[in-house]
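The values are calculated or read from the model by the stated rules, or taken from the named source; none is laboratory data. Treat the numbers as computed from the prediction; the structure is a model and nothing was measured. Cβ placement follows ideal geometry from the backbone for every residue including glycine, while neighbour counts extend to all protein chains displayed.
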Amino acid sequence: MDVNDVKTETEPMINIRDLSIRCGCCETYQTLSSYAPGDGYNVYTYECENDTCRPEQTRTLVEVPVVLDLFAQRHPESGCDGGCGTGG
Ligand SMILES: [Zn+2]
């Protein structure tokens, strides 16, 4: 077994798109509405897209450590502005 050339051991990373964010109020899935790179943490904002909830009251902020944020590393400039809904 030659494990030398195989990838070095890394921590499992977090892909924000693998997460499902549901609203505790209306129980529907929330949609990623914005992304803000932060100091140590990237902040993803999710909002309900329905008429049941007011986004300003039910939005969810998900903070992902930068070093574990696989999605941000794939989209370093975050220029997608939520437009990355297709593909991955
Ligand atoms: Zn809701």
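Quick rundown of the values:
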item: Top-ranked residue in segment 38-79 [being part of a helix (DSSP H, G or I) and not aliphatic (A, V, I, L, M); ranked as modelled with the highest pLDDT]; result: T58
item: Total residues in segment 1-23, condition exposed (fewer than 12 other Cβ atoms within 10 Å of the Cβ) and either at pLDDT 95 or above or under 10 Å from the mean Cα position of the chain (by Cα) (or both); result: 2
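Conditions (1) more than 14 Å from Q73 (Cα to Cα); (2) away from the ligand (no atom under 16 Å from the Cβ), marked per residue:
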position: E11; (1), (2): yes, yes
position: N15; (1), (2): no, yes
position: D18; (1), (2): yes, yes
position: G24; (1), (2): yes, no
position: S33; (1), (2): yes, no
position: A36; (1), (2): no, yes
position: N42; (1), (2): no, yes
position: E47; (1), (2): yes, no
